[in-house]
Amino acid sequence: MDLPLGYRYASTYAGIRKAEKDDVGLIVSGLPAAAAGVFTQNRVQAAPVKLCRRHLAASRGAVGAILVNAGNANCATRTGDAVALACCRSAARLLRLPVTHVMPASTGVIGVELDAKLIVNAVPLLVAGLREDGFDSVARAILTTDLVPKVAFGEVRLRRGPVHIAGMTKGSGMIQPRMATTLGFVLTDAHIPVAMLRRMLRRAVEHSYNRMSVDGDTSTNDTLLLLANGASGVRPDPKEMAAVEERITGVMEDLARSIARDGEGARKLITILITGAANDSAAAEMARAIANSPLVKTAVAGSDPNWGRILSAAGNAGVAFDPRKVDIEMQGVPVCRGGLAARFSEADLKQKLDAPECEIRLTVRGKHKGQARFWTCDFTEGYIRINASYRT
């Protein structure tokens with residue numbers, strides 16, 4: 001898949017991580033890119049999140065570069081604000097950009113002071129190493145407990161020519177975004193005005209990142225940026241914007257699904273489908289309650305068709321529905337009809353649940369049309385092991 005035109009990438013090891021592998025990355029647009037962002041709703045927000053918000057507002061959505069580090073969240077520290085600004089100033093100076101056109105992002109341990117010199121000293125190496133084929137190196141540099149890089153690509157052929165989309169993301173723990181998640185950077189070479197880009201992102205995130213959870217914890221550093229630099233020379237017609245938005249949404253859905261699949265300690269991707277709820281918001285809350293239930297997630301980990309946990313979790317979502325009208329399927333097998341047990345072979349379904357992907361479908365019979373799709377993963381002993389020693 002072709003990368004979007006007009007972007008360059010670089011990564012290097014700055015000494016933030018204990019292990020010697022790349023921990024800072026730089027994404028640069030050769031043309032000023034229109035940009036939109038969504039951020040954590042946690043009341044505790046990391047310094048780079050606050051500065052990125054301010055820069056987006058001050059630049060009126062114009063972005064020239066994204067500077068990102070892994071290994072330290074730069075959150076809940078005495079020097080966080082100064083560190084974030086110093087790093088942006090260093091990149092802006094070498095890239096000859098206004099400092100407000102540099103967007104910072106960080107991920108890693110909370111509450112540990114970050115030495116700005118580590119990143120400032122790495123910026124010249126990053127700038128010197130910028131290249132058009134460095135996308136994958138940045139995607140790897142932003143990882144923390146992730147087992148694999150997470151990237152997705154798309155293309156839309158329009159009347160004036162093709163436009164390309166590429167996205168990278170990270171995250172496998174402390175995942176319940178409700179707005180953005182972890183770190184995510186989605187780039188396109190289409191020409192899209194800032195106001196339109198903001199609307200696209202707001203709608204796309206509701207069907208992707210906001211429909212995914214690993215453990216129900218919302219990070220202090222969640223940052224999702226969508227950039228459009230127009231380097232393709234193609235400005236979609238008003239009628240073509242829907243196709244572009246659909247493909248951007250598809251890329252973001254792929255990224256969100258990849259996070260759920262790679263959840264800390266996870267062995268199975270779980271897809272939850274809700275239909276017949278009072279409205280889409282109610283369906284999403286039911287799906288979220290099921291996805292965040294440790295009892296549901298551990299049952300799936302053990303290939304236990306314990307549908308009662310699913311019904312109970314849905315009933316704890318805070319939305320109205322009649323349990324007597326609920327049907328549930330696991331792996332396509334009816335396990336509950338009208339809120340009561342259905343006849344099924346437990347041995348056969350247990351075998352189906354051994355698969356690396358699990359589908360749970362809950363339908364509320366009646367006249368309502370609310371629906372939602374949600375992704376999560378199973379809970380295993382691996383999640384406990386990873387998080388019990390995360391700082392050490």
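Observations on the structure shown:
- Within the range 25-43, the set of residues being of a type outside the set (Gly, Ala, Ser) and assigned to a strand (DSSP E or B) comprises 26, 27, 28, 31, 32, 38, 39.
- Which listed residue is more than 12 Å from residue 38 (Cα to Cα) and touching a Cys at 6+ places or on another chain (Cβ under 7 Å), from 220, 188: 220
- For the range 140-169, a residue qualifies if it is of a type outside the set (S, T, N, Q), open to solvent by less than 10 Å² (accessible area, probe 1.4 Å) and assigned to a strand (DSSP E or B), and the qualifying residues are 150, 152, 154, 163, 165, 166, 167, 168.
- Conditions (1) open to solvent by less than 30 Å² (accessible area, probe 1.4 Å); (2) outside any helix (DSSP H, G or I): number failed by residue 267: (1)
- Inter-residue pairs, beta-carbon under 6 Å, first within 12 Å of residue 190 (Cα to Cα) and in the range 227-254, second among the polar types (S, T, N, Q), 6+ apart: 228/188; 229/29
- Of all residues in the range 294-313, none are touching a Gly at 6+ places or on another chain (Cβ under 8 Å) and over 16 Å from residue 361 (Cβ atoms).
- Close pairs (7 angstrom Cβ cut-off, 6 or more residues apart or separate chains): farther than 18 Å from residue 216 by Cα in the range 270-287, surrounded by fewer than 22 Cβ atoms within 10 Å (Cβ to Cβ) and hydroxyl-bearing (Ser, Thr, Tyr) anywhere: 275/363; 276/363
- Residues within the range 1-21 that are crowded, with 23+ Cβ neighbours inside 10 Å and farther than 16 Å from residue 91 by Cβ, tallied: 1
- Qualifying residue in the range 83-93 (condition: at pLDDT 95 or above, within 17 Å of residue 30 (Cα to Cα) and polar (S, T, N, Q)): no
- From 285, 329, residue being of a type in the set (D, E, K, R) and over 29 Å from residue 384 (Cβ atoms): 329
- Residues of the range 192-211 that turn out to be part of a loop (DSSP other than H, G, I, E, B), touching a residue at least 60 places away in the same chain (Cβ under 8 Å) and open to solvent by less than 10 Å² (accessible area, probe 1.4 Å), as a count: 1
- Residues satisfying the stated conditions in the range 2-28, i.e. small (Gly, Ala, Ser) and in contact with a helix residue (DSSP H, G or I) (Cβ under 9 Å, 6 or more places away or on another chain): 10, 11, 14, 15, 25
Okay, residues lined up against (1) in contact (Cβ under 8 Å) with a residue 12 or more places away in the chain; (2) farther than 30 Å from residue 82 by Cβ; (3) in contact with a strand residue (DSSP E or B) (Cβ under 6 Å, 6 or more places away or on another chain):
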residue: 99; (1), (2), (3): yes, no, no
residue: 111; (1), (2), (3): yes, no, no
residue: 118; (1), (2), (3): yes, no, no
residue: 129; (1), (2), (3): yes, no, yes
residue: 134; (1), (2), (3): yes, no, yes
residue: 154; (1), (2), (3): yes, yes, yes
residue: 162; (1), (2), (3): yes, yes, yes
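- Within the range 233-272, being under 18 Å from residue 205 (Cβ atoms) and of a type in the set (Gly, Ala, Ser) holds for 242, 250, 256, 258, 260.
The rows are residues; the columns are (1) within 20 Å of residue 75 (Cβ to Cβ); (2) in contact (Cβ under 8 Å) with a residue 60 or more places away in the chain.
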position: 14; (1), (2): yes, yes
position: 23; (1), (2): yes, yes
position: 35; (1), (2): no, yes
position: 43; (1), (2): yes, no
position: 53; (1), (2): yes, no
position: 57; (1), (2): no, no
position: 63; (1), (2): no, yes
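- Residue match in the range 306-329 (condition: modelled with pLDDT of 95 or more, under 16 Å from residue 215 (Cα atoms), among the hydrophobic types (A, V, I, L, M, F, W, C) and surrounded by fewer than 17 Cβ atoms within 10 Å (Cβ to Cβ)): no
- Residue that is modelled with the lowest pLDDT, among those in the range 212-243 that are over 19 Å from residue 75 (Cβ atoms) and outside any loop (DSSP other than H, G, I, E, B): 212
The values are calculated or read from the model by the stated rules, or taken from the named source; none is laboratory data. Since we're looking at a predicted model, the values are computed, not measured. Quick reminder, even Gly has a Cβ in these numbers, built from the backbone with ideal geometry, and neighbours come from all protein chains shown. The accessibility values were calculated without ligands, DNA or RNA, using every heavy atom of the protein model including side chains. Shrake-Rupley method; radii C 1.70, N 1.55, O 1.52, S 1.80 Å.
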